[in-house]
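Below you'll find the structure, written out as structure tokens, and then a few comments.
The values are calculated or read from the model by the stated rules, or taken from the named source; none is laboratory data. What you see is a predicted model; the values in this text were computed from it and never measured. Virtual Cβ from ideal backbone geometry, glycine too; neighbours counted across all protein chains shown.
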Amino acid sequence: MKHVIIGNGPAGVVAAETLRKADATAEIVLIGAEPEPAYSRMAIPYLLEGNIAESGTYLRKTENHFASLRIRELQARVNSVDSAKRSLQLADGTVESYDRLLIASGSHPVRPPIPGMDLPQVQTCWTLADARAIANLATPGARVLQLGAGFIGCIIMEALAARGVELTVVEMGDRMVPRMMTPKAGGMIKQWVEQKGVRVLTGKGVKSIAPIGSSPGLLERLAQAVGVGAKAAAGLAVTLTDGEEIACDLVIVAAGVAPNVGFLDNTGVKIGKGILVDQRMQTSVAGIYAAGDVAEAPDLFTGAPVVSAIQPNAADQARVAALNMAGGDAQMKGVLAINVLDTLGLISTSFGQWWGETPEQGGSGVEFADEANGRYMSLQFQADILIGATSIGHTDHVGVLRGLIQTRTPLGPWKDTLMKDPNGFMAAYLASAQGAA
């Protein structure tokens, strides 16, 4: 049996290792498009902060880790898949056959169709190559504009602030982290960030980016970082949708990501927002599986397909896919949204369906906000089951919220208690655990 895995990020690596444990004799090929060893993109901000070296981003620290497991690593880009012949066409023209295929190709940063988006001073923060360029440009005092204040954007913002840049963040949504935080919580994060010296503009977008003159020292750094002449590497004038113009030396695009699925044309693999999979992580084509950022899997509560681009879900999906590729019968109970964010020292979390459901759907919720002390809690229920939670400033025991949601624990009378004081979630958890025992 020959297993081929497209993508050597967290999902691909976990799948390869799981396959080897499940099948000692199978041939396993792990394909990655970048020249570096398998690494975690989520570690890049820590690299930019100077907390780790590049080697600290590597998913496995031992040089011969994959070779010792008889997992063949292949640096290549996949151009197309022939599902009928069970083969891959690589960018160099070679063909790789497979018996079982896992697509763990991840995602890529979205570049909005804005004039000037292709200028060399406009960078994404997605690869180690991106990180090297940003590290050269984001020096203390540099004027940096970041487009996007979502989950990834806030992580990047943390790294940029640590580098001592003059930072402006532009977010089209009405609040920071709009896909993770309620309006009140997103507003509290914005207030906190602004108190830390970062300018945040919500409800606005970027209309255009154009080059302007800049200091010779910056031009030299730009030229060195992005491999262009100093004349081409000028400062930038960014025009916002409300007409304001902002001068900056570097633009970071953190406007979201899109799954890497372009090589799947004419394969029969069904694609929505990502690759549609069932609870076994199998696609619409037998023998082809998907996991990680590229997969659109059933939600834990609704069963509706959802892309959940977070590492814990990617690892769980990879294990399930690998076990089934090896002939097992594993299933995902469902994808659960899990987000934990440190924004300049302010800890926030969201779990499950944090936006809740309507009363007509049996839903109810409660919100508590102590803005002066940076504390917030929102709980969402369906009948007496907790289905979603959002918090700010809670660092102790907040993981039990995830546990209550994931286990769908009936809270009984504790639901009414939490509706009066949502901060008593730990007592509710202990009582429910004791009752279950």
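Could you run through the range 12-42 and say how many residues are touching a residue at least 60 places away in the same chain (Cβ under 8 Å), farther than 24 Å from R132 by Cβ and buried (at least 22 other Cβ atoms within 10 Å of the Cβ)?
So the count comes out to 4.
Being assigned to a strand (DSSP E or B) and within 15 Å of the chain's Cα centre (by Cα) is the filter here, so list the residues in the range 242-277 that pass it.
V253, V257, A258, P259
Working only within the range 362-390, note down all residues that are touching a Leu at 6+ places or on another chain (Cβ under 8 Å) and not in a strand (DSSP E or B).
Passing the criteria: G374, D384.
Has the range 105-125 got any residue that is modelled with pLDDT of 95 or more, over 30 Å from I212 (Cβ atoms) and in a loop (DSSP other than H, G, I, E, B)?
The answer is yes; a qualifying residue exists.
Sort out which residues of the range 162-180 are aliphatic (A, V, I, L, M) and part of a loop (DSSP other than H, G, I, E, B), and write them in order of number.
First, the residues of the range 162-180 that are aliphatic (A, V, I, L, M): 162, 165, 167, 169-170, 172, 176-177, 180.
Within the range 162-180, V165, M172, M176, V177, M180 meet the criteria.
Determine whether F301 is surrounded by fewer than 22 Cβ atoms within 10 Å (Cβ to Cβ) and touching a residue at least 24 places away in the same chain (Cβ under 8 Å).
In short, yes.
Would you point out which residue out of M176, M188 is of a type in the set (A, V, I, L, M, F, W, C), within 19 Å of the chain's Cα centre (by Cα) and crowded, with 18+ Cβ neighbours inside 10 Å? Break it down into steps so the answer makes sense when it comes.
Details: M188 fails: within 19 Å of the chain's Cα centre (by Cα).
When all the criteria are applied, what remains is M176.
Looking for whichever is in contact with a Leu (Cβ under 6 Å, 6 or more places away or on another chain), aliphatic (A, V, I, L, M) and closer than 25 Å to T241 by Cα here; the options are V170, V122. Which one fits? Outline the logic, then answer.
Details: V122 fails: in contact with a Leu (Cβ under 6 Å, 6 or more places away or on another chain).
Going through V170, V122 in turn, just one is in contact with a Leu (Cβ under 6 Å, 6 or more places away or on another chain), aliphatic (A, V, I, L, M) and closer than 25 Å to T241 by Cα: V170.
Taking K2 as meeting all but one of (1) more than 20 Å from T127 (Cα to Cα); (2) buried (at least 21 other Cβ atoms within 10 Å of the Cβ), write down the number of the exception.
(2)
Restricting to the range 253-265, name every residue that is touching a residue at least 12 places away in the same chain (Cβ under 8 Å) and out of contact with any Leu (no Cβ under 7 Å at 6 or more places or on another chain). Full working, then the answer.
Looking only at the range 253-265, we keep the residues that are touching a residue at least 12 places away in the same chain (Cβ under 8 Å), and these are 253-261, 263-265.
Result: G256, V257, A258, P259, N260, V261, F263, L264, D265.
When both residues are 6+ apart or on different chains and their Cβ atoms are under 7 Å apart, which pairs have a first residue that lies in the range 84-107 and is more than 20 Å from I271 (Cα to Cα), and a second that is crowded, with 16+ Cβ neighbours inside 10 Å and acidic (D, E)?
Taking only residues 6 or more apart or on different chains, the pairs are L90/E96.
For the range 306-323, what are the residues that are without any contact (Cβ under 8 Å) to a residue 40 or more places away in the chain and either within 11 Å of G334 (Cβ to Cβ) or surrounded by 20 or more Cβ atoms within 10 Å (Cβ to Cβ) (or both)? Walk me through how you get there before you give the answer.
Taking the range 306-323 first, the residues without any contact (Cβ under 8 Å) to a residue 40 or more places away in the chain are 306, 308, 310, 312-313, 316.
Scanning the range 306-323 gives V306, S308, N313, D316.
Regarding T395, is this residue out of contact with any Gly (no Cβ under 9 Å at 6 or more places or on another chain) and surrounded by fewer than 18 Cβ atoms within 10 Å (Cβ to Cβ)? Outline the logic, then answer.
Working: out of contact with any Gly (no Cβ under 9 Å at 6 or more places or on another chain): yes; surrounded by fewer than 18 Cβ atoms within 10 Å (Cβ to Cβ): yes.
It is true that T395 is out of contact with any Gly (no Cβ under 9 Å at 6 or more places or on another chain) and surrounded by fewer than 18 Cβ atoms within 10 Å (Cβ to Cβ).
If a residue has to be in a loop (DSSP other than H, G, I, E, B) and either under 25 Å from R179 (Cβ atoms) or of a type in the set (D, E) (or both) to count, how many in the range 398-423 make the cut? Outline the logic, then answer.
Filtering the range 398-423 down to residues in a loop (DSSP other than H, G, I, E, B) leaves 398, 407-409, 411-413, 421.
Subsequent filtering for residues that are either under 25 Å from R179 (Cβ atoms) or of a type in the set (D, E) (or both) retains 398, 407-408, 421.
Total satisfying the criteria: 4.
Mind checking which residues of the range 202-235 are modelled with pLDDT of 95 or more and crowded, with 20+ Cβ neighbours inside 10 Å?
Those that are modelled with pLDDT of 95 or more and crowded, with 20+ Cβ neighbours inside 10 Å: V206, I209.
Take the residues of the range 346-362 that are without any contact (Cβ under 8 Å) to a residue 24 or more places away in the chain and of a type outside the set (D, E, K, R): which is farthest from T283 (Cα to Cα)?
If we filter the range 346-362 for residues that are without any contact (Cβ under 8 Å) to a residue 24 or more places away in the chain, which is where we start, we get 358-362.
Okay, now just the ones that are also of a type outside the set (D, E, K, R), so 358-359, 361-362.
Numbers: T358: 32, P359: 35, Q361: 31, G362: 33 Å.
In this case the residue turns out to be P359.
Determine whether the range 292-315 contains at least one residue that is more than 30 Å from I209 (Cα to Cα), assigned to a loop (DSSP other than H, G, I, E, B) and modelled with pLDDT of 95 or more.
Scanning the range 292-315, I find no residue that is more than 30 Å from I209 (Cα to Cα), assigned to a loop (DSSP other than H, G, I, E, B) and modelled with pLDDT of 95 or more, so the answer is no.
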